[in-house]
Amino acid sequence: MNTITTQIPEEFQVQPLACDEYLINGKIKKWKGATSEVYSVIPTEGQPTLLGTIPDMETDTALEALEAAEKAFNRGQGLWPTMKVGERLKCMEIFVEKMKTHREEVVKLLMWEICKNKSDSYKEFDRTVDYIYDTIDAYKNLDRKGAKFDMQGGVYAHIRRGPLGVVLCLGPYNYPLNETFCLLIPAIIMGNTAIFKPAKHGVLLIAPLLKAFQESFPPGVVNILFGRGRKIATPIMKTGAIDVLALIGHSSSAVSLQDQHPNKNRLRLVLGLEAKNPGIILPDADLDHTIKECISGTLSYNGQRCTALKVLYVHESIVDEFNRRFSKAVDELQYGMPWEDTFLTPLPEPSKPAYLQELIKDAKANGAKVLNKKGGQLSENYSYPAVMYPVTEKMKLYHEEQFGPVIPIISYKEIDEPLDAMAASEYGQQVSLFGRDVTKLGPLVDTLANLVCRVNLNSACQRGPDVYPFTGRKNSAVSTLSVYDALRSFSIRTFLASKDTPYNKEILERLLRSEQSNFVSTDYLL
Ligand code: G3H
């Protein structure tokens, strides 16, 4: 495959950005130490494009950030965790307004750093802004529900959700803004304080937002670091001072970080991990519709989504026709630069094309064929989507989360074949089920709902809309994220209880009227 190097329109050209600032304890500090260069795999003049530099921080800076976050939480006595909910929400509203002014810069960097196409890059930004507004509304709702006293068994209770403490927040490269903020925003809005390190790719795009964080929140609430996980995240975990590990990424990173923490029961986990979501295509599925959904499910953003369809089980009675039509549809997809807004774009990880080639080679050696003409065609930053059939357990592609444009297809005779494979799998996030006979679909949905956490009927797997629960079984997730659930994942129910005696009642009434407590309040947030 030829490398496509088009003239870059002026509005999408970039100048290297020296990101030499970081945020600790409310101060934007200048980094004077070692730096790492950030490249895009998109070439200019035949070479990867230098996008800028980021600090390569050492452990002492990481521990300084931890100290700032601990100080801001101050064992629950800090300004932020004790602040009135309405005041915290005001800070968040200020932040989102400031963030919105950086839309164009962030979107341009999304295109260059992680090669996401233009419309999806805008979508990522706008979806994140919507998520913040929805979170503000959801918290008002939650707070309203707590604005009362219950009375049971002779005990008054004023029950609310309180923060957990200090959160270490680590996001993934495929949604460096959206998924990271879907952790960070609910974490801080609930009164926790946070240390946040951007992913390896999609890091420069955080730089324009440092000032917005600094100007919107009290010192130490959000601390932003740059560099390697082993020099930053590992030493922070080792201190045992982290209360929540919020990570979207691979389970191996999550496990190794947990292992560093000396007090396992103190550590709450909010994790979105890898998956191998299957598509199951029943004999009566509408193939036009199914192929359209399978293209989007397997190849949106080149399959680099935890929710991507990563294996297709097709009934043997229709597999030949499905394969023919699906392969043709794959070969019709357009590849280009992100700003050209093509469906297929370069792969941001320099080592990815070689890894995908290795999967193809291994599958071929074990009896699979590349079905589509362009499958596996290679350039420096791309390996064209390859439709592989028949895939078996002998192949790496069967087991590994390819996280890229290679699509394994397996034909089945009995429905128990895909069900057994799902039950044996280490993963359990979602499934797509294609068919229309309700006598078959009904019992299948009942089984699938117990193997994964979302059954998509005649629809590709996806995370959104963000109000719906996003989680998984086994090695695919810990805790649930959604606008509603994330507020709960980053908080704990805590309450004031008091025996119903005239003495206590009189004090409670005075306490409420005095407005001395931000926790004890029946104020109703509108
Ligand atoms: O990488 C996993 C993302 O959560 C997927 O989100 O389904 O909206 O692309 P999405």
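The values are calculated or read from the model by the stated rules, or taken from the named source; none is laboratory data. Computed from a prediction, not measured in an experiment: that's the story for all the values here. FYI the Cβ positions are ideal-geometry reconstructions off the backbone, even for glycines, and counts take in every protein chain you see. We work out accessible area using only protein heavy atoms, side chains counted, and drop any ligands, DNA or RNA first. Shrake-Rupley method; radii C 1.70, N 1.55, O 1.52, S 1.80 Å.
Table for the structure above
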{"read-out": "Selection from Ile42, Ile54, Pro9, by position along the positive dipole direction of segment 5-65 (Cβ)", "value": "Ile54"}
{"read-out": "Mean-position separation - Cα centroids, segment 503-526 and segment 271-318, in angstrom", "value": "54 Å"}
{"read-out": "The chain - percent relative contact order, Cα under 8 Å, separation 6 or more", "value": "18 percent"}
{"read-out": "Accessible surface of segment 306-362 [probe 1.4 Å, protein heavy atoms]: carbon and sulfur percent", "value": "51 percent"}
{"read-out": "Accessible surface, per residue, of the chain when the full set of protein chains is kept, probe 1.4 Å, Å²", "value": "42 Å²"}
{"read-out": "Simple label model, 7 Å out from Cα along Cβ direction - Asp500 to Thr234, nm", "value": "5.8 nm"}
{"read-out": "Distance histogram in 10 Å bins (all Cα pairs of the chain, percent per bin)", "value": "4, 18, 26, 24, 17, 8, 3, 1, 0"}
{"read-out": "Segment 96-127 versus segment 403-478: alpha-carbon centroid distance in Å", "value": "30 Å"}
{"read-out": "Violating pairs (Cα-Cα greater than 25 angstrom) within the set Lys27/Lys200; Lys116/Lys292; Lys116/Lys310; Lys32/Lys200; Lys30/Lys264", "value": "Lys30/Lys264"}
{"read-out": "Spatially proximal lysines relative to Lys440 (Cα-Cα < 20 Å; intrachain offsets below 8 disregarded)", "value": "Lys413"}
{"read-out": "Of all accessible heavy-atom area on segment 1-154, the percent that carbon and sulfur account for (1.4 Å)", "value": "49 percent"}
{"read-out": "Ranked order, Lys231, Lys27, Lys118 - accessible area, probe 1.4 Å, largest first", "value": "Lys27, Lys118, Lys231"}
{"read-out": "Inverse of mean 1/r across different Cα pairs in segment 138-203, Kirkwood, Å", "value": "14.0 Å"}
{"read-out": "Paramagnetic label zone (point 7 Å from Cα along Cα-to-C-beta, Gln377; backbone N under 12 Å) in segment 321-365", "value": "331-336"}
{"read-out": "Paramagnetic reach from Phe12 in segment 364-399 [backbone N under 12 Å; point 7 Å along Cα→Cβ]", "value": "none"}
{"read-out": "Computed log₁₀ I(q)/I(0) - Debye formula, equal Cα scatterers, no solvent, segment 307-401, q 0.11, 0.12, 0.13, 0.20 Å⁻¹", "value": "-0.34, -0.40, -0.47, -1.10"}
{"read-out": "Helical contribution to [θ] at 222 nm, DSSP H n ≥ 4, -39,500 (n - 2.57), averaged over the chain, rounded to 500", "value": "-11500 deg cm²/dmol"}
{"read-out": "Where N is the number of residues in segment 258-361, Cα Rg divided by 2.2 N^0.38 Å", "value": "1.41"}
{"read-out": "Karplus (6.51, -1.76, 1.60) ³J(HN,Hα), θ = phi - 60°, over segment 94-106, in Hz, Gly and Pro reported as x", "value": "4, 4, 5, 5, 5, 4, 4, 6, 9, 3, 5, 4, 5"}
{"read-out": "Segment Thr59-Glu45, length gained on full extension (0.36 nm per residue, minus Cα span)", "value": "1.3 nm"}
{"read-out": "Between segment 1-62 and segment 152-175, the alpha-carbon center distance in angstrom", "value": "35 Å"}
